[in-house]
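Colleague: Take this structure first; my questions come after.
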Amino acid sequence: IKKQQQDVLGFLEANKIEFEEKDIAANEENRKWMRENVPEDSRPASGNPLPPRLFNDSRYLGDYEAFFEARENNAVYAFLGLTAPPGSKVGVYIAHGEP
């Protein structure tokens, strides 16, 4: 989980995409927010969704695998739902931490 989180954060930082981290390990409210905002069809069959999960404001974008696939296909900005140029203020959130 930590390696995946670092991969996402590193990409966003390198491309000057502004984001906010929501640590679900240290903050119960963030953990609850993530669980409520991950759509039913994107949750595991049992247990809770694990980080990292990406959101644009409260709109769920996907998990690490979806991010990785978008990056491999040079489609990360579309995946993130960004219309502003890199470096502009956008509401991208990353739920991270140990569950």
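The values are calculated or read from the model by the stated rules, or taken from the named source; none is laboratory data. Keep in mind that this is a model prediction, so the values were computed, not measured. Here the Cβ positions follow ideal geometry from the backbone for every residue, glycine too, while neighbour counts run over all protein chains shown. SASA here: full protein model, heavy atoms, side chains in, ligands and nucleic acids out. Shrake-Rupley method; radii C 1.70, N 1.55, O 1.52, S 1.80 Å.
Colleague: Using modelled backbone amide H atoms (1.01 Å from N, in-plane), which distant-in-sequence or interchain residues come within less than 5 Å of residue 17's amide H?
Modeller: Amide H to amide H, under 5 Å and 5 or more residues apart or across chains, residue 17 pairs with 87.
Colleague: What FRET efficiency would be calculated for the residue pair residue 29, residue 74, taking the C-beta separation as r and a Förster radius of 25 Å, to the nearest 0.05?
Modeller: Efficiency for this residue pair is about 0.10.
Colleague: Related question: Calculate, for the range 1-80, the solvent-accessible area per residue in square angstrom, rolling a 1.4 angstrom probe over the heavy atoms of the protein chains.
Modeller: Ligands and nucleic acids excluded, the result is 60 Å² per residue.
Colleague: While we're looking at this one, here's another question. Can you give me the distance in nm between label points at residue 7 and residue 40, each placed 7 Å from the Cα along the Cα-to-Cβ direction?
Modeller: Result: 3.0 nm between the two label points.
Colleague: Check which residues have an amide H placed less than 5 Å from residue 53's amide H, if you skip close sequence neighbours.
Modeller: Here the answer is 95, since their amide H atoms fall under 5 Å of that of residue 53.
Colleague: For the range 1-80, which whole percent of the accessible surface, found with a 1.4 angstrom probe, sits on carbon and sulfur atoms?
Modeller: With neighbouring chains kept in place, the figure for the range 1-80 is 44 percent.
Colleague: Moving on to the next point. Students often forget the sequence filter, so: which aspartates and glutamates lie under 18 Å Cα-Cα from residue 16 once same-chain residues fewer than 8 apart are removed?
Modeller: Within reach: 7, 57.
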